[in-house]
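S.K.: Take this structure, written in structure tokens, and hold onto it; I'll ask about it next.
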Amino acid sequence: MEDIKEWLSLPPQYTTFRVNKLKKFDCNTLETYLSTKAPELNTTSLPNYYFLKPDCLVVEQWPVDVKVDKGRKEVIVDALCAAAVLRGAHVFAPGVVGMPTNCQLDEMVDIYGDIDGQCKRGLKVTFQGRKLFVGTGVLKMLRRDLFDNGVQPSGIAIETLLPASRLPVVNETICPPGVLLLQNLPSIVCGWVVNALPHELILDMCAAPGNKTTHLAEMSNDQAFIIAMDKTRQKVEKLKENCIKQGVTCVTAYAFDSTKCCSNDSKNIDSGPPFPPNSFDKVLLDAPCSGLGQRPQLNNKMTPKMLESYKVVQRKLMKAAVDVLKEGGTLVYSTCTVTIDENEGLVQWTLEKFPCLRLVPAEPLLGGPGLSGSGLNDDQRVMVQRFGPEIDNLRLAEPIYRDSIGFFIAKFTKSH
């Protein structure tokens, strides 16, 4: 347990982007961007980057000779913002909680994360609580912009120059809109497992913000028929915006509770949810989960009661997914968490509850197998994939897949 806690507290040593196959990506754009940043970091070497597949770009750390020096004025950000900085993000205004009074625009500052959430918003003096150095950057907003207007500020407060993780600060804006999408590696793998094909009818049950939805659309060359659902209307509107930005037209999105997405009274799919039983060729259930696989985790407030609640919702969603899936269809289940109850335990429950489902290999099998002692036998463990630090002789995942976020994928087919 201590090993995974330490692993979860650290960021992966690379960044992954999904490349939109519906649009043209020019690698020279990335090369040029990194070349303009190298002099600012006093280096002539660039980070390595390569494609795992044509739709998955991996960008590694700056070389070890690129150093992060401390000793400047300290700006304090909340733990969530600090984690984002370690992954290669700029500091956005809502994340700033403390800043000295004598800072100047375009001044270099040190960025520290408030690990325990104890820093009072608007702090002017040096923070004495538990804090973590997460990087250096250039100040783009002053105290009056952040704390004195009585409204929630927006925009970039600090342009991160170099995170403590040495990950390059590369964002999607280096390309035209919709070409590059920042997406965790196992999340991209999840799309490969679904393997959307032209003319398939696919349901994405918990789709917002739409990263996997648009990936499926792009994999099918925008020729699948994809229905995406999420309970929150605002999130669904954001999903629709992302589809437009990425040039995706084959997605129809609804604000709807997916636990109620199947009804015997429904006659057709075109009228929207709920849908008739046995309607979809493929269903993706990327379930709401405890999110305990996210890295780095600098501050976790999850309670046992909260953990228990996710399992209840996941089972309701799984029942609806089975009902709405065609006989002979494919169901892919995924989470971004590390608990057995939400992963292997959910698979075990599903196989016992629904005899019509058969567990099949979640190919391509790039992560490790399911955990030993989790309720699945070895034949079942080797068919699912768990992304994490564990090393298991049933299937040895490559280092890049062990250094991702914590994630889980299982695949089922429905028999006649």
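The values are calculated or read from the model by the stated rules, or taken from the named source; none is laboratory data. What you see is a predicted model; the values in this text were computed from it and never measured. Glycine gets a Cβ as well: all are built from the backbone with ideal geometry, and neighbour counts include every protein chain shown.
S.K.: Considering the range 223-241 alone, what residues qualify as being touching a strand residue (DSSP E or B) at 6+ places or on another chain (Cβ under 9 Å) and under 13 Å from Leu197 (Cα atoms)?
M.R.: If the condition is that a residue be touching a strand residue (DSSP E or B) at 6+ places or on another chain (Cβ under 9 Å) and under 13 Å from Leu197 (Cα atoms), then Ala224, Phe225, Ile226 are the ones that fit.
S.K.: With the requirement that a residue be surrounded by fewer than 22 Cβ atoms within 10 Å (Cβ to Cβ) and in a loop (DSSP other than H, G, I, E, B), what does the range 60-86 give you?
M.R.: Residues satisfying the conditions are Gln61, Pro63, Val64, Asp65, Val66, Lys67, Val68, Asp69, Lys70, Gly71, Arg72, Lys73.
S.K.: Looking at Gly135, Gly178, can you tell me which residue is on the phi > 0 side of the Ramachandran plot and buried (at least 22 other Cβ atoms within 10 Å of the Cβ)?
M.R.: Gly135
S.K.: Sticking with this structure for a sec: Just the residues that are outside any helix (DSSP H, G or I), of a type outside the set (D, E, K, R) and more than 21 Å from the chain's Cα centre (by Cα), please, taken from the range 281-328.
M.R.: Within the range 281-328, Thr303, Leu325, Gly328 qualify.
S.K.: For the range 212-237, which residues satisfy the criterion of being over 22 Å from Ala320 (Cα atoms) and buried (at least 16 other Cβ atoms within 10 Å of the Cβ)?
M.R.: Within the range 212-237, Thr214, His215, Ala217, Glu218, Met219, Ser220, Asp222 qualify.
S.K.: Does the range 265-275 contain any residue that is crowded, with 17+ Cβ neighbours inside 10 Å and within 21 Å of the chain's Cα centre (by Cα)?
M.R.: The answer is no, given that none of the residues of the range 265-275 is crowded, with 17+ Cβ neighbours inside 10 Å and within 21 Å of the chain's Cα centre (by Cα).
S.K.: Residue check: is Gly98 on the phi > 0 side of the Ramachandran plot and either surrounded by fewer than 17 Cβ atoms within 10 Å (Cβ to Cβ) or not charged (D, E, K, R) (or both)?
M.R.: no
S.K.: Among the listed residues Asp378, Asp341, Asp323, identify the single one that is surrounded by fewer than 24 Cβ atoms within 10 Å (Cβ to Cβ), out of contact with any Leu (no Cβ under 9 Å at 6 or more places or on another chain), in the same structural domain as Asn264 (by TED's automatic domain parsing) and not hydroxyl-bearing (Ser, Thr, Tyr).
M.R.: On the way: Asp378 fails: out of contact with any Leu (no Cβ under 9 Å at 6 or more places or on another chain); Asp341 fails: out of contact with any Leu (no Cβ under 9 Å at 6 or more places or on another chain).
Within the list Asp378, Asp341, Asp323, the selection yields Asp323.
S.K.: Asp65 is checked against (1) farther than 22 Å from Arg144 by Cα; (2) under 28 Å from the mean Cα position of the chain (by Cα) and fails just one. What number does that condition carry?
M.R.: (2)
S.K.: Give me the helices (runs of 4 or more DSSP H) completely within the range 176-268, filtered to those with at least 2 residues that are in contact with a Lys or Arg (Cβ under 8 Å, 6 or more places away or on another chain) and assigned by TED's automatic domain parsing to the domain that holds Leu284, ordered by residue number. Reasoning before the result, please.
M.R.: On the way: elements: 185-194, 211-219, 233-245.
Where helices (runs of 4 or more DSSP H) fall fully within the range 176-268 and carry at least 2 residues being in contact with a Lys or Arg (Cβ under 8 Å, 6 or more places away or on another chain) and assigned by TED's automatic domain parsing to the domain that holds Leu284, they are 185-194, 211-219.
S.K.: Would you mention how many residues in the range 335-364 are among the charged types (D, E, K, R), within 24 Å of the chain's Cα centre (by Cα) and either farther than 21 Å from Ile4 by Cα or outside any loop (DSSP other than H, G, I, E, B) (or both)?
M.R.: Initially, the range 335-364 is screened for residues among the charged types (D, E, K, R), giving 341-342, 344, 352-353, 358, 363.
Still in the list and also within 24 Å of the chain's Cα centre (by Cα): 341-342, 344, 363.
Filter once more, so that each one left must be either farther than 21 Å from Ile4 by Cα or outside any loop (DSSP other than H, G, I, E, B) (or both): 344, 363.
Summing the residues that are among the charged types (D, E, K, R), within 24 Å of the chain's Cα centre (by Cα) and either farther than 21 Å from Ile4 by Cα or outside any loop (DSSP other than H, G, I, E, B) (or both) in the range 335-364 gives 2.
S.K.: Being modelled with pLDDT under 95, more than 22 Å from the chain's Cα centre (by Cα) and aliphatic (A, V, I, L, M), is that true of even one residue in the range 370-393?
M.R.: yes
S.K.: Kindly provide the set of residues from the range 27-59 that are in contact (Cβ under 8 Å) with a residue 40 or more places away in the chain and in a loop (DSSP other than H, G, I, E, B), ordered by number.
M.R.: Answer for the range 27-59, where residues must be in contact (Cβ under 8 Å) with a residue 40 or more places away in the chain and in a loop (DSSP other than H, G, I, E, B): Pro47, Asp55.
S.K.: Do any strands (runs of 3 or more DSSP E) entirely within the range 94-149 hold 1 or more residues that are β-branched (Val, Ile, Thr) and more than 19 Å from Ala79 (Cα to Cα), and if so, which?
M.R.: 131-139
S.K.: Give the number of residues within the range 293-311 that are among the hydrophobic types (A, V, I, L, M, F, W, C) and either at pLDDT 95 or above or in contact with a strand residue (DSSP E or B) (Cβ under 9 Å, 6 or more places away or on another chain) (or both).
M.R.: Residues that pass the stated criteria total 1.
S.K.: Filter the range 381-395 down to the residues that are of a type in the set (A, V, I, L, M, F, W, C) and surrounded by 12 or more Cβ atoms within 10 Å (Cβ to Cβ), then identify the one that is nearest to Gly293 (Cα to Cα).
M.R.: Checked the range 381-395; the qualifying residue nearest to Gly293 (Cα to Cα) is Phe387.
S.K.: Would you please list the contacts, defined by Cβ atoms under 9 Å and residues six or more apart or on different chains, that run from a residue in the range 1-21 that is free of Cβ contacts under 8 Å to residues at least 60 places away in the same chain to a residue that is not β-branched (Val, Ile, Thr)?
M.R.: Lys5/Gln297; Glu6/Pro389
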